[in-house]
1. How much net charge surrounds TRP44 when only other residues with a Cβ under 15 Å from its Cβ are counted (Lys, Arg +1; Asp, Glu -1)?
2. Where does each of 106-113, 117-124 land if you order them by average Cβ count within 10 Å, highest first?
3. Can you quote the Å³ per residue value for the convex hull of the Cα atoms in the range 36-128, rounded to an integer?
4. Report the local net charge at GLU53: Lys and Arg +1, Asp and Glu -1, summed over other residues whose C-beta lies under 14 Å from its C-beta.
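FYI, it's all coordinate maths here, none of it is from the lab. As the structure is a prediction and not an experimental result, all values here were calculated from the model. Heads up, the Cβs are rebuilt from the backbone with ideal geometry, glycines too, and the neighbour counts pull from every protein chain shown.
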Amino acid sequence: MAESALPRRGGGDARAKGSYPTPHNLSLLAAVASTIRRMIKLTWALVADRMDEWTGEDIAEGVAVLEAKVGAVVDASGMQEQAVRHWRADFLSPVVESLRTEGAAALGRGESWSKAAGPFLACASPVT
């Protein structure tokens, strides 16, 4: 079988000009890809109340948005001050801390993360 009759990787004509990734090109592509910031989608729900989300590149900003928005809902809920403190300490704080540590690590690996505490659930995923 003549060389020109052989199928070319990617399906093109063997006589067509083009280049294939070489080990050098691949390492360069990997280096560039590692510097590109990934978008993150952060979603949360307060059972029987509401759901919200944030999308951005900076997990620290996402954590701040989550904490501020959920905190505002809890503060405006009409609960007594002691109940608000309990809610923040037992439900909001553990989820926020987990997102800052375990969540950031998982997102850095390109994986999703989720955590629930009482009636509060949050999850974060890389956006592709």
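1. Combined, the nearby Lys, Arg, Asp and Glu give 0.
2. 117-124, 106-113
3. Hull volume over Cα atoms, normalised by residue count, gives 80 Å³.
4. With Lys, Arg at +1 and Asp, Glu at -1, the neighbours total +1.
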